[in-house]
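Notes to accompany the following structure.
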Ligand code: ARG
């Protein structure tokens with residue numbers, strides 16, 4: 001049997017293999033809500049423009065409503081002879097309202113239809129991600145508030161560098177997520193133009209009101225160029241690029257949790273809710289969720305690369321390669337949303353081992369910079385010389401297996417006679433952290449300022 005939508009000039013039907021390679025229903029059935037919404041807007045506009053009679057429009061609209069109700073309760077039943085979601089909806093409409101269903105596709109093509117549906121879907125996806133990211137930020141801020149003064153080692157090269165507070169560290173991720181949200185918001189604002197009415201590629205001879213359908217679907221305006229409207233997938237790429245960068249941030253925090261939860265670090269205990277055991281090693285508590293967040297970030301990046309490469313060689317306007325735009329976006333969205341939620345859950349429920357963190361901060365001579373700064377500020381040494389003197393102090397402490405604060409004053413003075421007893425005020429990790437009061441610094445007072453700003457931005 002020839003195809004009911006385009007079979008007019010065909011004597012025979014496609015082979016089973018042709019049908020199989022062509023089919024996208026198993027993937028694009030996720031667009032059913034958007035497809036029906038866009039069809040409703042289109043039909044209402046056709047009627048207003050008197051392109052379609054009011055009675056025909058009414059029966060199409062009621063049929064569409066019934067299909068929406070069916071899909072809502074039963075899901076989309078896949079028919080292998082119907083290529084995609086657009087054909088499924090139209091076919092079902094024909095069963096429900098008869099030949100008038102054929103009028104729905106007046107002044108429309110599946111090319112502007114799918115471009116519209118997919119934009120609507122991505123727009124919703126962005127809204128969903130934004131809500132979840134805001135929730136994640138609330139978790140970060142609340143844990144940061146709890147730990148605004150909790151000392152931990154700050155690292156560079158994963159070597160103990162200077163003490164910081166856990167609150168400060170968590171707020172670094174708040175900032176990353178803030179930028180991610182703004183990238184998604186940019187993508188949303190840029191994509192919010194309606195392709196509907198571009199038809200196959202060249203526009204249409206029917207007197208459409210593209211402003212009206214754009215408005216009805218919540219778009220800011222109709223897309224200006226019909227060729228661009230049907231072949232543009234920048235919105236999907238913008239989404240994937242924002243998702244990739246966001247997942248990179250999630251992956252970095254996941255990596256830190258994995259390191260912190262390891263026995264040699266012991267900075268954090270993940271909750272039972274977000275840990276797994278080993279089938280052979282009873283003592284194990286594995287950070288699988290964090291590892292999967294880290295792994296998913298690779299897959300999300302792969303999805304972005306996949307769509308970039310799919311699109312790079314396509315001439316205007318629509319080519320069927322573009323049907324391959326949906327799997328990477330759907331996959332990335334599923335991976336991103338579960339990652340954000342799992343990571344938020346892990347951060348919310350983890351127990352931080354403050355003693356271990358503080359001891360680790362003390363262990364790595366992490367107040368050496370404070371000693372050098374003191375030599376500059378109080379003893380008047382040039383910084384380079386102070387650096388050198390401090391290096392010798394660290395070496396001595398290392399030889400004796402003690403912390404900087406445990407060295408006796410005469411031992412310090414043997415290295416440099418200008419060192420006085422007041423130096424001990426800067427050698428503790430608490431004093432070090434408390435002194436980092438520059439804007440954006442780790443001093444608890446500054447961390448609390450960051451928290452106040454974040455809470456204001458989040459409306460909490
Ligand atoms: N299933 C198709 C897609 O997702 C819909 C558009 C088909 N258009 C066409 N000219 N064959 O891209």
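Pick from the stretch 270-306 the residues that are surrounded by 16 or more Cβ atoms within 10 Å (Cβ to Cβ) and touching a residue at least 60 places away in the same chain (Cβ under 8 Å): which of them is nearest to residue 327 (Cα to Cα)?
303
Can residue 120 be described as farther than 30 Å from residue 458 by Cβ and within 16 Å of the ligand (Cβ to nearest atom)? It would help to see each step written out before you state the result.
Values: farther than 30 Å from residue 458 by Cβ: no; within 16 Å of the ligand (Cβ to nearest atom): yes.
For residue 120, the condition - farther than 30 Å from residue 458 by Cβ and within 16 Å of the ligand (Cβ to nearest atom) - is not met.
Do we have any residue at all in the stretch 96-103 that's surrounded by 23 or more Cβ atoms within 10 Å (Cβ to Cβ), at pLDDT 95 or above, more than 24 Å from residue 236 (Cα to Cα) and over 31 Å from the mean Cα position of the chain (by Cα)?
We begin by selecting, within the stretch 96-103, every residue surrounded by 23 or more Cβ atoms within 10 Å (Cβ to Cβ); these are none.
Taking every residue of the stretch 96-103 in turn, none turns out to be surrounded by 23 or more Cβ atoms within 10 Å (Cβ to Cβ), at pLDDT 95 or above, more than 24 Å from residue 236 (Cα to Cα) and over 31 Å from the mean Cα position of the chain (by Cα).
Which residues, taken from the stretch 204-248, are part of a loop (DSSP other than H, G, I, E, B) and within 16 Å of the ligand (Cβ to nearest atom)?
Step one: list which residues in the stretch 204-248 are part of a loop (DSSP other than H, G, I, E, B), which gives 204-209, 217-220, 223-225, 232-233.
Residues satisfying the conditions are 204, 232, 233.
Looking at the stretch 23-90, what helices (runs of 4 or more DSSP H) fall wholly within it and have at least 3 residues that are more than 16 Å from the ligand (Cβ to nearest atom)? Can you show your working first?
Values: elements: 25-28, 32-48, 54-74.
Of the helices (runs of 4 or more DSSP H) lying wholly inside the stretch 23-90, those with at least 3 residues that are more than 16 Å from the ligand (Cβ to nearest atom) span 32-48, 54-74.
I'd like to know if the stretch 146-155 contains one or more residues that are within 25 Å of the chain's Cα centre (by Cα) and in a helix (DSSP H, G or I).
Filtering the stretch 146-155 down to residues within 25 Å of the chain's Cα centre (by Cα) leaves none.
The answer is no, given that none of the residues of the stretch 146-155 is within 25 Å of the chain's Cα centre (by Cα) and in a helix (DSSP H, G or I).
Consider residue 330 carefully, then state whether it is touching a helix residue (DSSP H, G or I) at 6+ places or on another chain (Cβ under 9 Å) and not in a helix (DSSP H, G or I). Before you say what the answer is, go through the steps one by one.
Values: touching a helix residue (DSSP H, G or I) at 6+ places or on another chain (Cβ under 9 Å): yes; not in a helix (DSSP H, G or I): no.
The answer is no for residue 330.
Here are the criteria: (1) in contact (Cβ under 8 Å) with a residue 12 or more places away in the chain; (2) surrounded by fewer than 18 Cβ atoms within 10 Å (Cβ to Cβ); (3) within 16 Å of the ligand (Cβ to nearest atom). Tell me which single one residue 349 does not satisfy.
(3)
Just one of 316, 335, 371 is in contact with a helix residue (DSSP H, G or I) (Cβ under 6 Å, 6 or more places away or on another chain), at pLDDT 95 or above and either closer than 25 Å to residue 176 by Cβ or away from the ligand (no atom under 16 Å from the Cβ) (or both); which is it? Break it down stepwise before answering.
Numbers: 316 fails: either closer than 25 Å to residue 176 by Cβ or away from the ligand (no atom under 16 Å from the Cβ) (or both); 371 fails: at pLDDT 95 or above.
That would be 335, the only listed residue that is in contact with a helix residue (DSSP H, G or I) (Cβ under 6 Å, 6 or more places away or on another chain), at pLDDT 95 or above and either closer than 25 Å to residue 176 by Cβ or away from the ligand (no atom under 16 Å from the Cβ) (or both).
The values are calculated or read from the model by the stated rules, or taken from the named source; none is laboratory data. These numbers come from a predicted model, not from an experiment. Note that each Cβ is placed from the backbone with ideal geometry, even for glycine, and that neighbours are counted across all protein chains shown.
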